[in-house]
Amino acid sequence: MVSAFTAAAPATSWRRFYFAALLLTLLFRAWFGAVLPFTGDEAYFYWWGKVPAGGFYDHPPMVGWWLAALISVSETAWWLRLPAIIQPAVLSFMLLAFMRRDPPAARFGAATLVLLAPAGLLDVLITTDIPLAYFCAGSALLFLHAVRARVSWAFALSGLLLGAAFLSKYFAVLLGLAYVGWALWRPAAWKWKGLGLLVLCALPAGLYNAWWNSQHCWANVMFNVFNRHGRSHLSWQTPLLYVAMMVWLLTPPVAWRLLRTPREWMRQPALPWLVLLPLAVFALLSAVKTIGLHWVFSFVPLAFLMYARSVPEVAMRRASGVAAVLAVLHVAAVVAIASLPVETWSSPLGARKYAGVVQTVKHEELIAALGSDVSRYELMTDGYSPSVTMGYNHRRYWPVFGPASSHARHDDILTDFRTLAGRDILVLTKEAPDLADYTPFFRDVAVDTLQVRGATFWRVHGHGFDYAAYHDRVLVPARRLWYDIPAWLPDCGCYFEDRYFR
């Protein structure tokens, strides 16, 4: 298919190539979304949907709202992942609609790259980045239309979608900064009028999120501004990793062409701002922290649009052909890995990480191995990811025992340890426990092990939970570490403070 396409590519060939890619990638992604075990992040967000609220601990609430609607129909993994599974197809349709007046090579080429590039091919996980990508792409395309046609309604609708993107993930701010940068570059009255209307329509989402945070310990602010950056440090490796990641996500021909010929794409109105400013901010951040793959997903389709509008057809043919070859290699690798027995990973990963794989992939066997303990004890783990993953697969929430970390502390909202006083608790862990971490909180403690698929798990049986000791040794330090709200933020309400200290 690739060789026939690259030989000559009239409009009908571009159309056929796009629809073939659309069908094949949808089939692959549907299969992948159905067989891939539910990950820790997904299970974390599942509980947002299972217990919906106006906001959640570490991110804005949009994905939880989406999952609440999906859960009302079914809780199977492929259904909850449906917005992610169809996202590349939907984004490609959006590009086709936006580029309806462009030549076929640019129009169908950009849409095809969205389908075949690694981000569009492999990401089937339902996370905060899925609604973010939908809303960012919609806002950006409407903004570009508003710039081209100078119509107020498009600026307004772009602002509404930017607000929705902000309620998905705070990285939407980078798109907003790009809009501001565009307005500041060669300023004009019509630019400021359009930007003002856009900001006015996006503002309610920001105000809502600020209000929710003010009533809930400023949780999003505390996590994203103060608590999550303890390990950040200057590094020469993370910028190189960021560059390699971007080359992989964009594919080498696209990345090389954009880097080599900036004059060809810099002439496009507004669009370079929407691509370069966010990616430049991530490049700066890469000096002190690792940039997650998913962080940049929202801006990759815009990079393909910029590329498609700046290269001749022969370059687009080459890029599409390379993307198709890379897609085939990625699919072959995924299928090969999926066909391997889980025990294959025992030696390469080490004992603890392999136990994590078994806990995720063979959860039904692990739950069965617990036997009557599932009804005799309050079930917990010592970490957020294993707790939410076991909870999703068990369809029963597993709280987190102990201090854990700064991440994913939504358990502080869901679990009230006062209600567990005197109860018997089982803590499942992937490492040999230090009894000193448990004996102060129980009348007596017993430990044994489980073997599942060659992985070892430890069960800590604690009888007679001492809430007072837990309050003093765990909750008081947690208050100091994670809920030390600065005095300049008004104290309008804090669930952690109200529950345990007032």
Residues N209, N213, N224, N220: which one is modelled with pLDDT under 95 and not in a loop (DSSP other than H, G, I, E, B)? N224
Please determine, by comparing only the residues of the range 301-325 that are not small (G, A, S) and not in a helix (DSSP H, G or I), which one is farthest from L132 (Cα to Cα). P312
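Residues are listed down the side, and each one gets a yes or a no for (1) hydroxyl-bearing (S, T, Y); (2) surrounded by fewer than 24 Cβ atoms within 10 Å (Cβ to Cβ); (3) over 27 Å from T25 (Cβ atoms); (4) touching a residue at least 60 places away in the same chain (Cβ under 8 Å):
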| site | (1), (2), (3), (4) |
| --- | --- |
| A106 | no, yes, no, yes |
| G138 | no, yes, no, no |
| H145 | no, yes, no, no |
| V151 | no, yes, yes, no |
Touching a Leu at 6+ places or on another chain (Cβ under 9 Å), closer than 18 Å to L414 by Cα and modelled with pLDDT of 95 or more: is that true of F28 in this structure? no
From the list A446, A421, A487, exactly one residue is of a type in the set (G, A, S) and modelled with pLDDT under 95. Which is it? A487
Q87: passes all of (1) touching a residue at least 60 places away in the same chain (Cβ under 8 Å); (2) over 17 Å from R309 (Cα atoms) but (1)
Hey, can you tell me all the residues within the range 164-177 that are surrounded by fewer than 24 Cβ atoms within 10 Å (Cβ to Cβ), in contact (Cβ under 8 Å) with a residue 24 or more places away in the chain and in a helix (DSSP H, G or I)? A164, L174, G176, L177
Please work out which one of (1) outside the structural domain of C136 (by TED's automatic domain parsing); (2) out of contact with any helix residue (DSSP H, G or I) (no Cβ under 8 Å at 6 or more places or on another chain); (3) in a loop (DSSP other than H, G, I, E, B) is the condition P269 fails and give its number. (2)
List the number of the failed condition for H410; all other conditions in (1) on the phi > 0 side of the Ramachandran plot; (2) buried (at least 17 other Cβ atoms within 10 Å of the Cβ); (3) of a type outside the set (D, E, K, R) hold. (1)
In the set V296, V322, V358, the lone residue that is touching a residue at least 40 places away in the same chain (Cβ under 8 Å), touching a strand residue (DSSP E or B) at 6+ places or on another chain (Cβ under 9 Å), surrounded by 15 or more Cβ atoms within 10 Å (Cβ to Cβ) and not polar (S, T, N, Q) is V358
Would it be correct to say that V281 is surrounded by fewer than 22 Cβ atoms within 10 Å (Cβ to Cβ), touching a helix residue (DSSP H, G or I) at 6+ places or on another chain (Cβ under 8 Å) and in contact (Cβ under 8 Å) with a residue 12 or more places away in the chain? yes
Restricting attention to the range 365-378, does a residue exist that is among the polar types (S, T, N, Q), surrounded by 13 or more Cβ atoms within 10 Å (Cβ to Cβ) and over 30 Å from V114 (Cα atoms)? no
Could you list, in sequence order, all residues of the range 308-317 that are farther than 21 Å from V275 by Cβ and surrounded by 13 or more Cβ atoms within 10 Å (Cβ to Cβ)? E313, R317
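The values are calculated or read from the model by the stated rules, or taken from the named source; none is laboratory data. This structure is a prediction, so every number in the text was calculated from the model and none was measured. Virtual Cβ from ideal backbone geometry, glycine too; neighbours counted across all protein chains shown.
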